[in-house]
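Step one of this worksheet: look at the structure below.
Where a number appears in this text, it was derived from the coordinates with a stated rule and is not lab data. Remember, it's a predicted structure, so these values are computed and weren't measured experimentally. When we count neighbours, we look across all protein chains shown, and the Cβ atoms used for this are built from the backbone with ideal geometry, even at glycine.
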Amino acid sequence: MPESKVSLDHAEESDTSGYRIPPDARVENGPASDGDRHVVVWDKASCKSYELFDAERQGAGAWHAGSGAIFDLRSNALRPDGWTSADAAGLAILPGLARYEEAAGGRIDHAIRITVPRSDQSYVWPARHQAGQAADGSLPPMGLRLRLKSSVDTSGLAPQARAVADALKKYGVIVADNGSPWYITGEEKAGWDNAQLDGLKAFKGSDFEAVDASGLQQAPDSGAVAPR
């Protein structure tokens, strides 16, 4: 696929070239959406993720976006410190999505991306960027990992929701952006059953605990975790 031309509002914190976005790439919530309008493309051949925020198709092979990032999924390297991505935390979106095949198989083996309405003007590893509304220690920083408490009863959840809940208990969520309260993001896939997933709406903030993940860090500029 030829390289796509991408113009960016925040080019100073974005990857400005190297995107290969197919002409039929989906815009989050549709091309008429007034939300974050993410575009996330997984390039299987090169094992890269091309991610845009506030994306708008400009014609054949051309896009405009607020910000953008390219992630080599074979690398643990983080974005330059202080840089955003297509998410406010400067993290990749793709690895944090709940995927239908995982949930259908009963096991999601990674942390999941989550949004919060307001965040602190700070960030913690592995995040690289903040977009906080206030310097307020009672608000979560970008990159904060939260985990569903082991005491929360999830036995009555439908299978898809149970798979997500089990991941929330084991791997937790990472605060990745400002947005809807406690919003867990999944890939767009016809197999998802909202009637099953609605069971997750019963969880409250008090059902979660904050996790100090700093001890997992191997190096400040790497997302690799220290062996346990």
In whole angstrom, how far apart do the alpha carbon centroids of the stretch 13-51 and the stretch 59-97 sit? 9 Å
Could you work out the relative contact order of the chain, using alpha carbon pairs under 8 angstrom and six or more residues apart, expressed as a whole percent? 17 percent
Just one of (1) 1, 6, 11, 12, 11, 10, 9, 9, 9, 8, 6, 4, 2, 1, 1, 0, 0; (2) 1, 7, 15, 17, 16, 13, 11, 8, 6, 4, 2, 1, 0, 0; (3) 1, 7, 13, 18, 19, 17, 13, 7, 2, 1, 0 is P(r) over Cα pairs in 5 Å bins from 0, in percent as worked out from the coordinates here. Which one is it? (3)
Considering the Cα trace of the stretch 1-125, what is its radius of gyration and what is Dmax, both in angstroms? 14.7, 41
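Of the peptides 63-70, 23-30, how do they stack up when ordered by the mean number of other Cβ atoms within 10 Å, highest first?
Per-residue Cβ counts within 10 Å, averaged per peptide and sorted highest first, yield 63-70, 23-30.
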Taking the Cα centre of each part, how many Å lie between the stretch 143-208 and the stretch 100-130? 10 Å
Run lengths n ≥ 4 of DSSP H only: what is the helix-derived mean residue ellipticity at 222 nm for the chain, with -39500 (n - 2.57) per run over all residues, to the nearest 500? -2500 deg cm²/dmol
Nearest 10 degrees, 0 to 90: helix 159-170 Cα axis against the chain principal axis: 90 degrees
For the chain, with only Lys/Arg (+1) and Asp/Glu (-1) charged at the beta-carbon, what is the dipole magnitude about the Cα centre, in debye rounded to 20? 640 debye
Listed here are the pairs Lys48/Lys189; Lys48/Lys170; Lys169/Lys204; Lys149/Lys189; which of them are more than 24 Å apart at the Cα? Lys48/Lys170; Lys149/Lys189
In terms of modelled amide H atoms, which long-range or inter-chain residues lie less than 5 Å from the amide H of Gln217? Ala226
Considering only DSSP beta bridges with both partners in the chain, what is the antiparallel share in %, to the nearest 5? 65 percent
Using the crude model of +1 on Lys and Arg Cβ and -1 on Asp and Glu Cβ, and no other charge, please compute the dipole size for the stretch 6-46 relative to its Cα centre, in debye to 20. 300 debye
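What does the charge dipole of the stretch 165-209 about its Cα centre add up to, to the nearest 20 debye, if the Cβ of each Lys and Arg holds +1 and the Cβ of each Asp and Glu holds -1? Could the numbers behind the result be given before it?
On the way: 5 positive and 8 negative charges, 26 e Å.
It comes to approximately 120 debye.
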Place +1 on the Cβ of every Lys and Arg and -1 on the Cβ of every Asp and Glu in the stretch 86-184, take the dipole about the Cα centre, and give the residue among Ala131, Val164, Leu94 whose Cα lies farthest towards its positive end. Val164
Antiparallel DSSP bridges in the stretch 101-208: what percent, to the nearest 5? 40 percent
